1. Which residues, taken from the stretch 61-88, are within 16 Å of ligand 2 (Cβ to nearest atom) and either farther than 30 Å from Ile317 by Cβ or of a type in the set (Val, Ile, Thr) (or both)?
2. Search the stretch 108-132 for residues that are within 12 Å of Ile90 (Cα to Cα) and pair each with any residue that is of a type in the set (Phe, Trp, Tyr) and surrounded by fewer than 20 Cβ atoms within 10 Å (Cβ to Cβ) when their beta-carbon atoms are under 7 Å apart and the residues are at least 6 apart or on different chains.
3. Looking at (1) at pLDDT below 95; (2) within 16 Å of ligand 2 (Cβ to nearest atom); (3) of a type outside the set (A, V, I, L, M, F, W, C), can you tell me which one Glu408 breaks?
4. Name the pairs: first residue in the stretch 72-85 and over 21 Å from Thr22 (Cβ atoms), second residue surrounded by 12 or more Cβ atoms within 10 Å (Cβ to Cβ) and not hydroxyl-bearing (Ser, Thr, Tyr), Cβ to Cβ under 7 Å, at least 6 apart or on different chains?
5. Can you pull out the residues in the stretch 325-356 that are within 20 Å of Phe372 (Cβ to Cβ), within 16 Å of ligand 2 (Cβ to nearest atom) and among the charged types (D, E, K, R)?
6. How many residues, within the stretch 82-107, are over 21 Å from Ser36 (Cβ atoms) and touching a strand residue (DSSP E or B) at 6+ places or on another chain (Cβ under 8 Å)?
7. Give the stretch 185-203 a look and list any residue that's within 16 Å of ligand 2 (Cβ to nearest atom) and in contact with a helix residue (DSSP H, G or I) (Cβ under 7 Å, 6 or more places away or on another chain), or say none.
8. Of all residues in the stretch 190-211, which are within 16 Å of ligand 3 (Cβ to nearest atom) and either without any contact (Cβ under 8 Å) to a residue 60 or more places away in the chain or crowded, with 21+ Cβ neighbours inside 10 Å (or both)?
Amino acid sequence: MQLKTNEIYKDHFKGKTYNITTFGCQMNEHDSERISYLLEDIGYKKTENRDEADLILFNTCLVRENAELKLYGQVGSLKKLKEENPEKIIVVSGCMMQTSVAREVIEKKHKEVDIIFGTKNINSLPDLLFRYLESGERVIDISEDNVKDDYVNYNSKNNFQAYVNIMRGCDNFCSYCIVPQSRGREESRRPSHIIEEIENLVREGYKEVTLLGQNVNSYGNKSDFNVTFPELLEKCAQIDGLKRLRFTTSHPKDLSDDLIKVIKKYDNICNYFHLPMQSGSNKVLKDMNRKYTKEKYLERALKLKEEIPGISISTDIIVGYPTEDEEDFIETLDVCKKVGFDSAFTFKYSPRPNTKASKLTPINDMIVQDRFDRLLDTLYPIFNEKNKEYLGKTVEVLLESESKNNREVLTGRTDTFKLVHVKADNSLIGKFVKVKITDHTSFTISGDLIS
Ligand code: SAH
Ligand code: SF4
Ligand code: F3S
């Protein structure tokens with residue numbers, strides 16, 4: 001039946017256009033790359049103009065409420081467009097669709113949406129499209145698993161930087177977090193599949209690979225193969241021709257000395273570590289179910305700095321967790337000063353459906369805002385000082401794109417993930433160059449092209 005349907009619609013999508021809006025983390029970005037690959041495989045072409053597209057897709061996130069509300073707003077704004085152009089296809093996918101609460105809002109209140117699917121059945125998209133065209137009725141598929149472990153390169157950001165999934169899901173159940181619901185239980189990909197994928201990417205000319213997982217340090221824990229994350233990272237680093245290797249995200253509770261040793265040993269493993277702290281208070285960390293203390297976090301971060309001089313460390317911080325009081329918050333500021341973070345993602349706590357923390361009474365908004373402002377007032381001068389250390393130094397930069405504000409300026413990253421601005425010709429995008437740093441802000445460093 002399916003085959004017949006595919007046959008009928010074989011040429012249907014040729015020349016049609018699609019547009020994807022992606023919310024959330026790198027995992028969602030990479031999923032969107034897969035979605036693009038699948039759509040282009042059946043004939044679609046990408047367009048940046050959403051209203052013009054024949055197929056409009058939203059790949060959603062619900063880690064915080066604002067991402068969710070934004071999605072409802074953006075989908076809702078297409079109601080009229082769909083009424084006037086009923087042949088347009090509107091699709092909603094991703095993490096939000098994995099939880100019944102958010103899915104029901106789309107199902108009940110957003111009749112303009114034609115196709116709904118989840119994080120585990122991305123590969124069904126072509127079939128869902130055929131089914132939708134066949135029936136003319138809304139199609140929903142949140143069924144478990146059709147993840148293909150194939151070696152197709154579906155990276156589409158550019159032709160020199162790629163993401164590689166090494167695991168999916170999360171088993172940590174931090175009390176505030178919805179990801180274990182949206183992405184399911186932790187599962188690691190086979191090391192041989194990961195290595196083969198990276199070897200292929202390097203052969204195709206990719207220079208930088210970022211390994212993706214919600215908690216890469218627990219890689220291999222529940223698997224039948226005996227490979228830990230430091231061992232996997234070492235195997236990846238040994239791949240001939242791979243210039244830069246990054247990974248995200250690490251949970252502090254599982255950051256081992258072995259991992260630090262591997263980072264230190266290989267030049268192509270970047271000297272950058274994203275180590276989400278969430279809070280500096282032992283009471284709050286316990287309430288969050290993070291399974292480490294302030295002391296342990298500090299010890300790990302300082303060990304990284306001691307073993308790998310010049311390493312940059314970034315973090316995630318949540319302010320206003322329901323049990324956080326002023327003293328707890330001061331402890332968070334204290335860790336920020338002691339570690340000296342290079343950058344940080346800062347969030348106000350947002351209650352998420354069916355999480356443990358959502359049953360607690362939230363703190364007053366004004367108090368949270370005040371703490372949030374004070375956190376930034378503490379962090380920005382620290383970032384500024386860290387960037388100042390680069391003045392006068394010559395750094396190697398992988399140039400990524402033209403700057404949004406000035407097309408004569410290119411942006412790129414150092415090995416330490418510093419965002420660099422440099423005047424250079426756009427033919428150098430995708431190349432490594434040397435830049436002498438002459439200026440900085442709290443968020444960027446900039447300078448002159450040397451070679
Ligand atoms: N797996 C990663 C992060 C996933 S979510 C890790 O454990 O580090 C990215 C960040 O979103 C988290 O680190 C946390 O800081 C933030 N976050 C998650 N749930 C949140 C919530 N309910 N409210 C505010 N911030 C949240
Ligand atoms: Fe969420 Fe915690 Fe898992 Fe990270 S480790 S995804 S914060 S539950
Ligand atoms: Fe990522 Fe958001 Fe899903 S942070 S895993 S896209 S809920």
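1. Of everything in the stretch 61-88, just one residue is within 16 Å of ligand 2 (Cβ to nearest atom) and either farther than 30 Å from Ile317 by Cβ or of a type in the set (Val, Ile, Thr) (or both), namely Val63.
2. Asp114/Tyr132; Ile115/Tyr132
3. Only one criterion in (1) at pLDDT below 95; (2) within 16 Å of ligand 2 (Cβ to nearest atom); (3) of a type outside the set (A, V, I, L, M, F, W, C) is unmet by Glu408, namely (2).
4. Correct list of pairs: Lys79/Glu112.
5. Once the filter is applied, which keeps residues that are within 20 Å of Phe372 (Cβ to Cβ), within 16 Å of ligand 2 (Cβ to nearest atom) and among the charged types (D, E, K, R), the stretch 325-356 yields Lys348, Arg352.
6. Residues meeting the conditions: 5.
7. Hit for the stretch 185-203 is Glu186, nothing else.
8. Applying the first criterion (within 16 Å of ligand 3 (Cβ to nearest atom)) to the stretch 190-211 yields 210-211.
Across the stretch 190-211, the qualifying residue is only Leu211.
The values are calculated or read from the model by the stated rules, or taken from the named source; none is laboratory data. All values derive from a computational prediction rather than experimental measurement. Note that we place each Cβ from the backbone using ideal geometry, even for glycine, and neighbour counts take in every protein chain shown.
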